[in-house]
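Right, one structure below, let's go through it.
The values are calculated or read from the model by the stated rules, or taken from the named source; none is laboratory data. A quick note: this is a predicted structure, and the numbers were derived from the prediction, not measured. Neighbour counts are summed over all protein chains in view; Cβ atoms, including those assigned to glycine, are modelled from backbone coordinates with ideal geometry.
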Amino acid sequence: MTAVTSESTGVEGTTAADAREEAALASLREKMNIVIVGHVDHGKSTLVGRLLADTESFPEGKLEKVRAICARQGKQFEYAFLLDALEAEQDQGITIDSARVFFKTAARDYIIIDAPGHIEFLKNMISGAARAEAALLLIDAHEGVRENSRRHGYVLGLLGIRQVTVLVNKMDLVGCDQAVFDRIEAEYRAFLAECRMVPQRFIPISARDGDNVAHRSARMGWYKGPTVLEAVDLFRKAPKRENQPLRFPVQDVYKFNRAGDERRIVAGRIAAGRVAVGDQVVFSPSNKLSTVASIEAFNAPTATAAEAPDCVGITLTEQIFVQRGELCSHLDDRPQVSTRFRANLVWLGRKPLALGGEYKLKLATCETNVRVAEIQSVLDASDLTTDKARTEVRRHEVAEVVLEAKRPVAFDLVERFENTARFVLVDQYDVAGGGIILEGLADALAPLREEARSRDFEWVEGHVTQRDRAERFGHEPVLVLLTGNAGVGKAAIARRLERMLFDRGDAVYLLDGRNVYLGVDRDLAASMNKAEMVRRYAEVAYLFLDAGQIVVSTSNTFALADHAAIRTLIGANHVLHVHVGEEPGDADIVFDEAVEAEGAAREIVTHLAQEGWLVNRPD
Amino acid sequence: MSDHLRELENQSVYILREAYKHFKSLCMLWSIGKDSTVMLWLARKAFFGHVPMPLVHIDTSYKIPSMISYRDDLARRWGLTMVVGQNRAALADGMNHTRGRLTCCSALKTEALRRTLDGTWPRLVMNAAGQYEEDPAPEPFTGVIVGARADEEGSRSKERYFSPRDKNNDWDVADQPPEFWNQFKTDFAPGTHVRVHPLLDWTEINIWEYIERENIPIIDLYFDRGEGTRYRSLGCEPCTGCIRSTATTPTDIIAELKRTTTAERAGRAQDQEDPHAMEKLRREGYM
């Protein structure tokens, strides 16, 4: 054993073994992320500086550095400066971002996020609070409950933070008067109750003087509850998620062939539950079924199961075609699937959220475009009124809306699963809002979706698998759905494409709607039941796809809504939508009417290859 | 595995996979130091033993020589795509720290990095034979993975996991995008790029705990090699000092760090010249 006597440790006479033992114990200590929020100037930075100083959590250089800056700038040292490490901040005198700092108590280690109170910085407060497990909310005893006291309280609820302790700060400014404290507690408790939130406790403090922070206040003997440090230790860790039903959002599918690795790994972070080798799993919304063949990891012992919240990779026994954005679960407890849902959101965009506006939705790993179908109500935090007749949601407002997605999305409700019920909206390049799903709403395609689901789950397979067919044919089954007005040249493109793929050696079939009508739809000729014709066309196409074919489809009889129906019955993963002419909707490829068939067909083949549907063969 | 290392590893792996999914032209900065080497290891975790993005190293020519041999050795063993950039003009002009440490850092690190990332200066790329040759057509990187930790320095504590930089590499600290849960900024305007920070939540001790747990082959400059000194932070030879320490293993270092009250970068001379040195460098694009 060698004694640690280096200057850097500053400690002599302790053995390295002691230190090692202590270090080992320390690494087992519990960690918790907490956030400190509240109105501007209600004392957040001061509280954090005080907490760090009183728990001796500053590295040696830091205090001196800040004191030196203060001395040079002729300012009196304040605890708040310790966090305001940036020049810009000290100039403005307000915290501008969620700085992360660390302190420890006897019970655990904390990462504390000093969220700012200035209204312009609500997005920073959210960034901080979104990764917190519990919150301290500060209210200035002298100023009382202000706009951001309410807004932050509401947003904490929206973000799913249920553990909130309210600190009534600057009690020294009101003569440590219990009546002031009681009045603020009553008022704020009532507000939180409206947001369906129950705070854990209220504590009267003076962050500047240290009352009830680390030490009990001598001036407020009337307060018998815990100090701030005791209160944070009373926060509880969230219940473990591994005992919930499985939710495994597919983040990516890897195949590192070039490095000689033949594994096809479905990677992601398990949001809830547990998955084991041999489990049958289903991917939503595609309804693909498979069985877990292995759990993959680098530099880790071989595992036969994995659980939340770990990032894992799995391989499957049947090589089904799944993509990022799908949600893997067990069969008996699946997520909801719909294109419509009711949600609660907070808007941060410079441009207001507009009724009818289109945004990109990101939910777990799924990304798709959504339209704001309804704005049901908007809450104004400054006066707590609810406005029900609005056509937009402005920056920093909180609203209840109905969103309509372009493609079906797999999701959960926030009471059951947090991670698969939360989403953000992207406006152009920026994350402009975030929210939680309150309710899934039925859409027009719900019956077809249910048909596809029960069909897929009960599908009887032969001994030749989809994978066998894909390997034989050198491509995945895919429906190339050509749409556009009559006379724009779809038929020519479809015929050229069929020939081109056939000449490559692909298993391809041109499925003309007319041919389905002539035979399969014979009994419908009199009634002209359009919906049933679309359904039958899609089911016929589905059989060809199950036989491993590339199906090229063209028909003028189908309208845009019918394409959505076809896509629902076949599964979005197996449809390539090519549109010719105007109003392309969300087609994957769009051509001008003037396009000539040869070039268009060639471009479709290139796209199929790029998206991984075709295996490139040597010419 | 201790819960907090597991949490840190999970978050970093998730971020790396998000970056790989969203950025067509992605690279990872590798300074050879402990943090970015841990990050490189996390990439192997995320991609099941592979490192599917190139690693960029800025060679100031003043690095401690064993750093370069360690770099190339690991690159060959792990099959890394190694990219090296350098400010050739400034070096030809004799740039060194005696002209002012910040001036030197600005030229040899910040400027070299910026011009290497945007593809306007030559890049040396390691070929299959393990030799460096010039990349004939360097493309700008739109996603850059960086091993910054929030606890290192005040200005770093303000970072996001995904942090946009504009055309001039500027970082607008006051106007950063929100990060809800694990939804990051992955959409960006042409001409801008995004810095990705998978190690933001790690502390210096976490880094060593993870090195210990995973048995990561970290460069030996961090350990006492018999002289009673070691490096705590690695940089250029003239500007980086050793600390007195007899630590020879990650376990020793962890024990030592539990007792120290000295800041990690205390041995980095450029920080001492100006209290806002790091922030100034970072605004210009320093990592």
**Request:** Return a yes/no flag: does region A:147-159 have any residue that is crowded, with 22+ Cβ neighbours inside 10 Å and part of a strand (DSSP E or B).
**Result:** no
**Fill in**
Of A:Ala410, A:Ala354, A:Ala364, the only residue that is small (Gly, Ala, Ser) and surrounded by fewer than 22 Cβ atoms within 10 Å (Cβ to Cβ) is A:Ala354
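Let's see how each residue does on (1) modelled with pLDDT of 80 or more; (2) in contact with a helix residue (DSSP H, G or I) (Cβ under 8 Å, 6 or more places away or on another chain); (3) crowded, with 23+ Cβ neighbours inside 10 Å; (4) farther than 25 Å from A:Ile126 by Cβ:
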| site | (1), (2), (3), (4) |
| --- | --- |
| A:Glu22 | no, yes, no, yes |
| A:Asn33 | yes, no, no, no |
| A:Arg50 | yes, yes, yes, no |
| A:Lys62 | no, yes, no, yes |
**Request:** Output yes when any residue across region A:264-271 is among the charged types (D, E, K, R) and in contact with a helix residue (DSSP H, G or I) (Cβ under 6 Å, 6 or more places away or on another chain), and no when none is.
**Result:** yes
**Request:** Filter the strands (runs of 3 or more DSSP E) completely within region B:107-155 down to those with at least 2 residues that are more than 19 Å from B:Ser25 (Cβ to Cβ).
**Result:** B:132-134
**Prompt:** Just to be sure, is A:Ala267 under 24 Å from A:Val155 (Cβ atoms), touching a residue at least 40 places away in the same chain (Cβ under 8 Å) and buried (at least 22 other Cβ atoms within 10 Å of the Cβ)?
**Reply:** no
**Request:** Scan region A:332-341 and give yes if some residue there is in a loop (DSSP other than H, G, I, E, B) and touching an Asp or Glu at 6+ places or on another chain (Cβ under 6 Å), otherwise no.
**Result:** yes
**Message:** For the structure I just gave you, tell me whether A:Val540 is among the hydrophobic types (A, V, I, L, M, F, W, C), closer than 26 Å to A:Asn287 by Cα, touching a residue at least 24 places away in the same chain (Cβ under 8 Å) and outside the structural domain of A:Val464 (by TED's automatic domain parsing).
**Reply:** no
**Item:** Breaking point among (1) outside any loop (DSSP other than H, G, I, E, B); (2) hydrophobic (A, V, I, L, M, F, W, C); (3) within 14 Å of chain B (Cβ to nearest Cβ), for A:Ile375
**Value:** (3)
**Matching residues, region A:342-359, being in contact with a Gly (Cβ under 7 Å, 6 or more places away or on another chain) and outside any strand (DSSP E or B)** = A:Leu348, A:Gly349
**Message:** Looking at region A:338-386 only, could you name the residues that are among the aromatic types (Phe, Trp, Tyr) and either modelled with pLDDT under 90 or closer than 19 Å to A:Leu156 by Cα (or both)?
**Reply:** A:Trp347
**Prompt:** Tell me, which residue of region B:200-221 that is part of a helix (DSSP H, G or I) and farther than 30 Å from A:Arg131 by Cβ is farthest from the other protein chains (Cβ to nearest Cβ)?
**Reply:** B:Asp220
**Item:** Test set (1) farther than 30 Å from A:Val426 by Cα; (2) more than 20 Å from the chain's Cα centre (by Cα); (3) modelled with pLDDT of 90 or more - B:Glu139 fails condition number
**Value:** (1)
**Message:** When you check B:Val51 against the structure, is it under 18 Å from A:Lys255 (Cβ atoms) and more than 7 Å from chain A (Cβ to nearest Cβ), yes or no?
**Reply:** yes
**Message:** Looking only at region A:270-309, filter to residues that are farther than 26 Å from B:Leu80 by Cβ and charged (D, E, K, R); which one of those is surrounded by the most Cβ atoms within 10 Å (Cβ to Cβ)?
**Reply:** A:Lys288
**Asked** Name the residues in region A:254-306 that are of a type in the set (Asp, Glu) and either within 20 Å of A:Arg324 (Cβ to Cβ) or touching a strand residue (DSSP E or B) at 6+ places or on another chain (Cβ under 8 Å) (or both), would you?
**Response** A:Asp261, A:Asp279, A:Glu296
**Complete:** Among A:Arg342, A:Arg350, A:Arg324, the single one that is more than 17 Å from the chain's Cα centre (by Cα) and in contact (Cβ under 8 Å) with a residue 24 or more places away in the chain is A:Arg350
**Request:** Go through (1) at pLDDT below 95; (2) surrounded by fewer than 19 Cβ atoms within 10 Å (Cβ to Cβ); (3) in contact with a helix residue (DSSP H, G or I) (Cβ under 9 Å, 6 or more places away or on another chain) and name the single condition A:Pro239 misses.
**Result:** (3)
**Message:** Go through (1) part of a strand (DSSP E or B); (2) not assigned by TED's automatic domain parsing to the domain that holds A:Val540 for A:Phe417 and report which single condition fails.
**Reply:** (1)
**Request:** Kindly state which strands (runs of 3 or more DSSP E) lie completely within region A:256-303 and contain at least 2 residues that are β-branched (Val, Ile, Thr).
**Result:** A:265-269, A:280-284, A:288-296
**Complete:** Counted residues in region A:386-407 being crowded, with 19+ Cβ neighbours inside 10 Å and free of Cβ contacts under 8 Å to residues at least 12 places away in the same chain come to 0
**Set B:Arg71, B:Arg6: member being within 23 Å of B:Ser233 (Cβ to Cβ), among the basic types (Lys, Arg) and either within 14 Å of chain A (Cβ to nearest Cβ) or in a helix (DSSP H, G or I) (or both)** = B:Arg71
**Prompt:** Do the conditions hold for B:Lys21, that is, is it among the basic types (Lys, Arg), in contact with a strand residue (DSSP E or B) (Cβ under 6 Å, 6 or more places away or on another chain) and within 12 Å of chain A (Cβ to nearest Cβ)?
**Reply:** yes
**Prompt:** Here are A:Asp427, A:Asp380: which of them is surrounded by fewer than 21 Cβ atoms within 10 Å (Cβ to Cβ) and either more than 14 Å from chain B (Cβ to nearest Cβ) or of a type outside the set (A, V, I, L, M) (or both)?
**Reply:** A:Asp380
**Complete:** Within region A:164-203, residues of a type in the set (D, E, K, R) and more than 31 Å from the chain's Cα centre (by Cα) come out as A:Lys170, A:Asp172, A:Asp177, A:Asp182, A:Arg183, A:Glu185, A:Glu187
**Request:** Quick one: B:Tyr62 ticks every box in (1) among the aromatic types (Phe, Trp, Tyr); (2) in contact with a strand residue (DSSP E or B) (Cβ under 9 Å, 6 or more places away or on another chain); (3) within 14 Å of chain A (Cβ to nearest Cβ) except a single one, so which number is it?
**Result:** (3)
**Item:** Cβ pairs under 6 Å, 6+ apart, first in region A:161-186 and in the same structural domain as A:Lys224 (by TED's automatic domain parsing), second of a type in the set (Asp, Glu) and crowded, with 20+ Cβ neighbours inside 10 Å
**Value:** A:Asn169/A:Asp140; A:Lys170/A:Asp140
